[in-house]
Each structure stands twice: as structure tokens, then as C-alpha cells.
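One structure below.
The values are calculated or read from the model by the stated rules, or taken from the named source; none is laboratory data. Just so it is clear, the structure is predicted and the values come from calculations on it, not from any experiment. Virtual Cβ from ideal backbone geometry, glycine too; neighbours counted across all protein chains shown.
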Amino acid sequence: MSTLKKNKDQKVNFEFNKEYIKVIVEKIQNNDVDFLSNSFKEMHPADAADIIEHLNQNDRENLIKLNNFNINPEIFVELNENIQSEIVKMLSSESIVFILKNLESDDAIKILENIEEENKNQILSSLPPKDRFVLLESLSYPEDTAARIMQREFTAIPSNWSVGQTIDYLRENKDLPDQFLEIYIIDNEFKPLGTVPSSKVLRTSRETKMIDIMLESQVTIPVEMDKEEVGRLFENYNLNSAAVIDKNGKLVGMITSDDILTVLKEEAEEDTLRLAGVGDEEITDGVIKKTQRRFNWLLLNLFTAFLATWVISKFGATIEQMVALAFLMPIVASMGGNAGMQTLAVTIRGIATNDLTDSNFLKIVLKEFNIGVLNGIIFAIISALIVQLWFKDYILSIIISVSMILNMIVAGLFGILIPVTLKKFNIDPAIASSVFVTTITDVIGFLSFLGIGAYFFYN
């Protein structure tokens, strides 16, 4: 039943899950709430969420609206954002409040972000004052900041406490997180001084002062730091968790590595989708929504395609005199486009990880130039040999060789220059770079190939 079950035959495993989903659909149609509730309880929340996502919209709606069926908050938080938004519209305010109250603050924030403003206010007003204050404060920060991904539930103790006092406090206090790996040590102003691993507390005598076994904090995260920058800090310092501080340096929350894994996954997916011109499209989006997201990108590509075609039209006479040029010119443009996209992908990653900086920019540009020259020479030789064997025309072989070298160099240079330039103008390079790179390599490819061909033909 669980998708965590190992199976050597992937196809059999898929069919097994498919059959189980059919059983779930039948139970929904038969209003078998007991079976559904018990089945979801036995699964890992991520597996239950996966099954709900695989239901069609009508079956999902029937499931949520079944009498006495309550979706587990842990399952709800595992659903993708589109499905969450869809289900939220079906739930009563009481059900949403129940879900929010039973989640950590960072998960609750993610759900609130996807609720319409007017419903959001109603739900917040139904929460206990303490929970409402915590969520409202987090929502007051920009969407992509550390404040939105941190959790307010953490364990902090004064620096002058002993291990014994700390253990007694941890046993008696019911408001602490269910799980925590590190205990934060704070001063009189609630500013973090360091951390103590919970395992170290258990292995130390009760009389020892916590400050004596404390690891001094190397990294603290301001609430307004961009979450991508937070991800880089976790990667650079190999952190399991980190304290989040407000503008006065006071401890207000913590971010854990599982939150960062989610951030890095989302950012990688976002960059990949933007590079393809589909924004934050989800597989569950409807046809109209998907079409709208892709329209602008395709329209821009259409205009750039006409630009490349206009360049070709200027060499109509040359193509008529040497028809073989028409067969071969897509090869140069295609190779340049692929080489440009390779450089572009590496450059965008370098920008995202801060590996590409002002200090090493010229060095990287020179490296890409050399790669372009080397690849150009290699593929020029290969292309020339194929053309010579095919057409038995050494002039054509020279034309394709020279234009291949030129276009591969251009591809490498513009693959790095375009995203860096866009970044300088505060434009996300993942959104617009690819269309410019492919346009330039197409235009230069056609221009160089047909231009050199015209030179040889008319001279």
C-alpha cells in the first residue's frame, strides 16, 4: 500500500499503487469513511498525500466532503500548494483552524500564504491570541525571507542554568517542540550565545553549567535574509539548524535543515521552469492556466524566429545558386544553440550559488572563449569530413568549418554575458536568458554560414 515499499519491478509497483487508488475511489463512492480514515492513519503522511494528489478533482472533492472524514494536518502539509489551495476552498473555517493549530508555525505559514485574504482574516481571528500573533508577525515579512520559513517553536534556556535545571525544565514544560536536536543558550536580553546538543545534556553531570558545554554560535540568520542566502549558509557551514534573530539581535525562531532542503528543491524547480519559460507551473494546473503561462514566452520566441528568418531571406539568391546551403545551415545554428544553453545553465547555477563573482568574471569569460574555440575546432573538423564525404565539395566543407568555429565561440561568450548582464539590471537571468542566447546563436549561425557562402560563391 505504501509508496515507500521496495519493489525491484518498478512497473509492477506502479500498477500496484494504481490498483490501490482504484480501491480508494470505490470506497469514496461507497462513503466508507472508516476504511479511508484507517487506511490513511496506517500510511506515512507523505504517502497519503501522494494518493490524494493522484485522485481526480471530483473524487478529491467527494473525499473531503464525506461526513466524519477529517484530513490529518500532517497529511495536508505534505500536499502540493495547488492541491492545498483547492482543498482549502472545500473546508470549513473550523477545519482550517484545527489544521493550523496542530502544525508547527513554519508549516502553518505556508498554508496561510495560499488562502485568499478575506478568508485568511476570518481564520486568523478564530485562532488563539498567541498563535494569531505569531502567524501575523511572520506574515508581516516579505515572502522570500527567513521569517517565512523559520519555526517559532524552539528550546532556549538562560546561560547560568545547570544541566540539572535544564533537564527538569525540559521534562516539565509542555510547550516545547516535540523534537529538537539543539538547545539554544541565551543571555539576559534573549540574544543567542550558542547551542548545546540535546545528546550532550544527557551525558553530562547535573551540576555542570550549560555555558561550560556550549558551542558558540558561528552563524545567526536575520529575519529578513533571503531564503536562498539562508540555503547557501546551511550548505557552506554544514548546519543542522540555525538561530533566527530580529533587528535587535534577539532570538525569535530557528530554521532546520529539512526546511532548507525544501527551499533548495523549490528554488531549483523554479529556475528550471523559468529557464523553459513556464514560470511556476504545476502539473495539476488546468489547460487554460497552463496556456496563459506559456503564451508570452512562445510569443517572444515567435518574434525571434522571424528575426532569424529575416536574416536567411537576405541570402535568398545565394541559397538558390547553392541549394546545399539550405540543407546544412540548420546544423550550425543548432550546434551553437546547444552550446550556448550548456554555458547558460552553468552560468545561472554559478550566479545562484555565488560561485560567479566580479573577481573571477574575466577568468570565466576567457575560459568559455577557449572552450568555444576548442569545441568549434573539433566539430568543425567532424562537420567538414561529413560534408566532404556527402557533397564532395571542399568549398562547402570550408564554409561549414569556419561558421561552426565562429558560432561556437559566440555561443560560449553570450551564454555567460547575457545572464550576467540581466543580473546587473536586476532581471532574473533564469527567466529571459535562454531566448536571447538561442536568438543570437541562430542569427550568428545563419549570418556566418550564409555570409561566408555568399563570399565564396560570388568570388
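Has the stretch 390-402 got any residue that is of a type in the set (Gly, Ala, Ser), assigned by TED's automatic domain parsing to the domain that holds PHE315, assigned to a helix (DSSP H, G or I) and touching a residue at least 24 places away in the same chain (Cβ under 8 Å)?
Checked against the condition, which is being of a type in the set (Gly, Ala, Ser), assigned by TED's automatic domain parsing to the domain that holds PHE315, assigned to a helix (DSSP H, G or I) and touching a residue at least 24 places away in the same chain (Cβ under 8 Å), the stretch 390-402 yields no hits at all.
Is at least one residue of the stretch 121-134 exposed (fewer than 15 other Cβ atoms within 10 Å of the Cβ), over 30 Å from VAL25 (Cβ atoms), at pLDDT below 90 and among the acidic types (Asp, Glu)?
no
Let's see how each residue does on (1) in a helix (DSSP H, G or I); (2) surrounded by 12 or more Cβ atoms within 10 Å (Cβ to Cβ); (3) modelled with pLDDT of 70 or more:
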site	(1), (2), (3)
MET254	no, yes, yes
ILE260	yes, yes, yes
GLU282	no, yes, no
ASP285	no, yes, no
ARG293	yes, yes, no
TRP297	yes, yes, no
ALA308	yes, yes, yes
THR318	yes, yes, yes
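Hey, among ILE115, ILE123, which residue is outside any helix (DSSP H, G or I) and not assigned by TED's automatic domain parsing to the domain that holds VAL244?
Details: ILE123 fails: outside any helix (DSSP H, G or I).
The conditions single out ILE115.
Go through the stretch 21-99 and tell me which helices (runs of 4 or more DSSP H), entirely inside it, have 3 or more residues that are surrounded by fewer than 19 Cβ atoms within 10 Å (Cβ to Cβ). Spell out the reasoning first.
Working: elements: 33-42, 45-54, 57-64, 73-76, 81-88.
It comes to 33-42, 45-54, 57-64, 81-88.
For the stretch 238-248: of the residues being surrounded by 15 or more Cβ atoms within 10 Å (Cβ to Cβ) and outside any strand (DSSP E or B), which is modelled with the lowest pLDDT?
Here the answer is LEU239.
Given the options ILE386, ILE431, name the one that is within 23 Å of LEU307 (Cβ to Cβ) and not small (Gly, Ala, Ser).
Numbers: ILE386 fails: within 23 Å of LEU307 (Cβ to Cβ).
Sole residue among the options that is within 23 Å of LEU307 (Cβ to Cβ) and not small (Gly, Ala, Ser): ILE431.
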